Amino acid sequence: MGGWQFLCLEHVRAFNAGYNYFDGMSVDEIHAAQSPMAGWVQDMVRGKPAFTIGDPHELFSGKGPARPKPPPGKWAAPGDAKALGALGLDRNASPADIRRAYRALVRRYHPDSNGGDRSHEGKLQAVVNAFTHLKSAAGYKMESNKT
């Protein structure tokens, strides 16, 4: 099936006992195959090892796929977009917008505002976590000093 053999453990052991990877190789070829650098070549341009055995995505060459950059805006740190989304805001939100949205959502979801109903606790916790994250973000600190 596709050039593969499916064997039980007993037959795998018998196959491996009779298998010699180095069969038909010269002494120099065996030494090269046992070298710690086997499969690697020296990149003469940059002077560092480069992976040579099937690197179609150039993961080892340093040229790998480009990571997506966040859209321009003051809220570009990891987690900012998720936190802004929890508050119902976009990347153009100011610190005043964040405070306003936080206060409104806390009033909406807090059990004291809902007659003791704790069914919105998860949403309240998400809002508090989002506000805490954004308060510590660079965009919040830079703008809150201006206002």
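Key figures for this structure:
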| item | result |
| --- | --- |
| Condition broken by PRO49, with the remaining ones in (1) in a strand (DSSP E or B); (2) at pLDDT 55 or above satisfied | (2) |
| Residue in region 111-118 that is outside any loop (DSSP other than H, G, I, E, B), acidic (Asp, Glu) and modelled with pLDDT under 85 present | yes |
| Residue, surrounded by the most Cβ atoms within 10 Å (Cβ to Cβ), within region 123-147, restricted to residues that are of a type in the set (D, E, K, R) and modelled with pLDDT of 80 or more | LYS135 |
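Residue-wise test of (1) over 25 Å from ALA137 (Cα atoms); (2) touching a helix residue (DSSP H, G or I) at 6+ places or on another chain (Cβ under 6 Å); (3) surrounded by 15 or more Cβ atoms within 10 Å (Cβ to Cβ).
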residue: LEU84; (1), (2), (3): no, no, yes
residue: ASN92; (1), (2), (3): no, no, no
residue: PRO95; (1), (2), (3): no, yes, yes
residue: ARG99; (1), (2), (3): no, no, yes
residue: ARG103; (1), (2), (3): no, no, no
residue: ARG107; (1), (2), (3): no, yes, no
residue: SER113; (1), (2), (3): yes, yes, no
residue: ARG118; (1), (2), (3): yes, yes, no
residue: GLU121; (1), (2), (3): no, no, no
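The values are calculated or read from the model by the stated rules, or taken from the named source; none is laboratory data. None of these values were measured; they are calculated from a predicted model. As a convention, Cβ positions derive from the backbone with ideal geometry for all residues, glycine included, and neighbour counts pool all protein chains shown.
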